[in-house]
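The values are calculated or read from the model by the stated rules, or taken from the named source; none is laboratory data. All of these numbers come straight from a predicted model, not from anything done at the bench. FYI the Cβ positions are ideal-geometry reconstructions off the backbone, even for glycines, and counts take in every protein chain you see. Just so you know, the surface numbers come from the protein's heavy atoms only, side chains and all, with ligands and any DNA or RNA stripped out. Shrake-Rupley method; radii C 1.70, N 1.55, O 1.52, S 1.80 Å.
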Amino acid sequence: MTPSARSSAIILVPGHWLGAWAWDEVREHLNTDTTRAIALTLPGLDGNDPDRATKTLEDQAAAILDALGQAGASEDNPATLVAHSGANAPVSLVIDRHPELVHRVVWVDSGPVASGSIFAPDLPSEVEELALPPFEALGQQASLEGLSPEVLERFRAKAVPEPGPVLRQAVELTNERRRRVRTTLACCSMSSAQVLELARAGHPMFTEVATLENVDVIDLPTGHWPMWSRPRDLAEIIKSEASRSY
């Protein structure tokens, strides 16, 4: 299996409130004669879907698997998955179920979740969807460093509320092979040293990182949305990691 075959398809999966549009600037630097980057809008994040608030993590994982199939991913020609932020739940499900389809997963200011994880376990059942919070509140949860007023305006205008079922569903993982998938942590709002220290200390957010058998870390200092604050640099990291043969 050659490095060029392994880098033939890159699937870009955005985090909460985002669609394929979130990767536009990154894709400008990725799509070449030898690289195909496919950006997804996960079920529940299409603002034109009248049933989007009912979508689940199962729906999202199925959509990622469908994208891998359409990209021609196979055990002999696996694809690279790129997961930003809250995409970690459905991508973790995909890696658990079909690790043979994934050459490498690049977590963008994110990381794999542990079995049993629930993003918002206290979200009341009557809450159908969760809208993008005011930036003052969001900035207390995730760094907005590097985002101009124009970018924030676009973020607000294009953001789609996250479906309640996605936020309340537990991630159930059973396949130990998921831990052997080659993994890269692109660390942005937190340094790689901090991430690894928290993993070693058993922090709940990084429990699964400590179990990975093939993990590399790369620092990309910026805020939580590097696809907007440092798109060219993020694209170079993705391209480099996707092409690695080890």
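Numbers for the structure displayed
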item	result
Residue check, Met190 over 30 Å from Gly47 (Cα atoms) and either hydrophobic (A, V, I, L, M, F, W, C) or under 17 Å from the mean Cα position of the chain (by Cα) (or both)	yes
Filter result for Gln169 (of a type outside the set (D, E, K, R) and within 19 Å of the chain's Cα centre (by Cα))	yes
Residue ID - most open to solvent (accessible area, probe 1.4 Å), chosen from residues in the range 115-159 that are in contact with a helix residue (DSSP H, G or I) (Cβ under 8 Å, 6 or more places away or on another chain) and either at positive phi or among the hydroxyl-bearing types (Ser, Thr, Tyr) (or both)	Ser125
Selected residue [in a helix (DSSP H, G or I), β-branched (Val, Ile, Thr) and farther than 29 Å from Ala157 by Cα] from Ile64, Ile95	Ile95
Any helices (runs of 4 or more DSSP H) falling wholly within the range 160-236 and containing at least 2 residues that are in contact (Cβ under 8 Å) with a residue 60 or more places away in the chain and surrounded by 20 or more Cβ atoms within 10 Å (Cβ to Cβ)	164-168, 226-229
Residues of the range 31-43 classified as modelled with pLDDT under 95 and either buried (at least 22 other Cβ atoms within 10 Å of the Cβ) or closer than 15 Å to Ser85 by Cα (or both), total	1
Criterion (under 19 Å from Val181 (Cα atoms) and crowded, with 24+ Cβ neighbours inside 10 Å) met by exactly one of Val102, Val106	Val106
Test: residue in the range 4-24 that is more than 13 Å from the chain's Cα centre (by Cα), at pLDDT 95 or above, buried (at least 20 other Cβ atoms within 10 Å of the Cβ) and outside any strand (DSSP E or B)	no
